[in-house]
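Asker: Just dropping this structure here.
A short reminder: the numbers here are calculations on the coordinates, not readings from a lab. As the structure is a prediction and not an experimental result, all values here were calculated from the model. Virtual Cβ from ideal backbone geometry, glycine too; neighbours counted across all protein chains shown.
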């Protein structure tokens, strides 16, 4: 694929924007991630915003919850398109992994990021 | 009454429905009334992902919902019925007197609609359709989540 992999974060309210800012604060500014909020959107409007965010890039769509309007719109948008992959339960560790593995195919980058996100969920003994 | 909430919400089954309403109502099932989703097993599975295992998600076409409403209303579990637009929920009321109250939960902006509330945009035709339902004795309120105020129809049409 000629264009670099893009990460599109799809969330309720301002979560996506905050996550992009956090990743840039840690890893440095880049165009790797684009935030999309579901605020004020029905399914069609959210799908249109997703299309604009993805552009003509291959992309991984990072969704905040494993259900709801963000997932249903993203899954419908990505259905049948191998240049897109979807991950739910986005967290900061997942995105930090992603920005350093943008040379992978979308599905592989999605699995890699999801594994990093899972590894970040811990309950340390205090 | 088994169906505790008849809701118009163009996002269909999402967080406000499952968590916001489903938790306090202790819902045991949610009926998603949408012809397009009913025709797509794949889409049904996506919606099912957002519903916890103790809540049954039932996908129905409009015709199926009209036929099944009495059965769902007699279900011992508490249920929620969700439709994506005014016309669909209006169709459910045609031959069923079980619908006493309709919750307008979220209708977003599209061409031809104007803002009535922060989460409710209606065309004039949709507003008239809601008024017609109200004239038949159905209480219409707008309320996105249970902690919000139930806004009477007269205040947003």
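Asker: For the range B:3-148, what is the convex hull volume of its Cα atoms per residue in Å³?
Answerer: Looking at the range B:3-148, the number lands at 106 Å³ per residue.
Asker: To test your reading of the geometry: what angle, between 0 and 90 degrees and rounded to tens, separates the Cα axis of helix B:124-135 from the longest principal axis of chain B?
Answerer: 80 degrees
Asker: Order of A:64, B:75, A:31, B:85 from fewest to most other C-beta atoms within 10 Å?
Answerer: A:31, B:75, B:85, A:64
Asker: Okay, next question. Distance from the Cα centre of the range B:1-23 to that of the range A:1-27, in angstrom?
Answerer: 30 Å
Asker: Moving on to the next point. Can you give the translational diffusion coefficient of the protein assembly as shown in µm²/s, computed by Stokes-Einstein from the Kirkwood radius over Cα pairs at 10 °C and 1.306 mPa s?
Answerer: 79 µm²/s
Asker: Okay, next question. With a point put 7 Å past each Cα toward its Cβ, work out how far residue B:147 is from residue B:118 in nm, to one decimal.
Answerer: My value for the distance between the label points is 1.2 nm.
Asker: As I understand it, the value is the acute angle between the Cα axis of helix B:62-73 and the longest principal axis of the Cα atoms of chain B; what does it come to in degrees, rounded to 10?
Answerer: Tilt relative to chain B: about 70 degrees.
Asker: Hey, what did the range B:1-117 get for relative contact order, percent, Cα under 8 Å, at least 6 apart?
Answerer: Value for the range B:1-117: 45 percent.
Asker: With every atom except the alpha carbons ignored, what do you get for Rg and Dmax of the range A:4-109, in angstroms?
Answerer: 12.3, 34
Asker: Return the distance in nm (one decimal) between the two label points of a simple spin-label model at residue B:45 and residue A:111, each offset 7 Å from Cα along Cα→Cβ.
Answerer: 1.7 nm
Asker: May I pose another question? Take every DSSP beta bridge with both residues inside the protein assembly as shown and express the antiparallel ones as a percent of the total, to the nearest 5.
Answerer: The antiparallel proportion sits near 10 percent.
Asker: Any chance you could tell me what percent of the C-alpha pair distances in the range B:1-44 go past 11 Å? Please list the in-between numbers first.
Answerer: Values: 657 of 946 pairs.
Considering the range B:1-44, 69 percent of its Cα-Cα pairs are separated by more than 11 Å.
Asker: Give the peptides B:14-25, B:44-55 in descending order of average Cβ contacts within 10 Å, highest first. Mind dumping the intermediate values first?
Answerer: Details: B:14-25: 19.8, B:44-55: 16.3.
Top of the packing list down: B:14-25, B:44-55.
Asker: Okay, next question. Fully extended, how many nm does the chain gain between residue A:103 and residue A:3 (0.36 nm per residue separation, minus their Cα-Cα distance)?
Answerer: 35.0 nm
Asker: If you don't mind, there's one more thing I want to ask. How far, in nm, would the chain grow between residue A:79 and residue A:56 when pulled straight, counting 0.36 nm per residue and subtracting the alpha carbon separation?
Answerer: Contour length minus the Cα-Cα distance gives 6.7 nm.
Asker: Between residue B:131 and residue B:73, 0.36 nm times their residue separation minus their Cα-Cα distance comes to what?
Answerer: Working: separation 58, 0.36 × 58 = 20.88 nm, distance 2.44 nm.
Gain in length upon complete extension: 18.4 nm.
Asker: Given chain B, what percent of its DSSP beta bridges are antiparallel, to the nearest 5?
Answerer: Of the beta bridges lying entirely in chain B, close to 20 percent run antiparallel.
Asker: When the C-alpha atoms of the range B:98-157 are aligned to their principal axes, what extent does each axis show, in angstrom, from largest down?
Answerer: Principal extents (Cα only, largest first): 32, 28, 18 Å.
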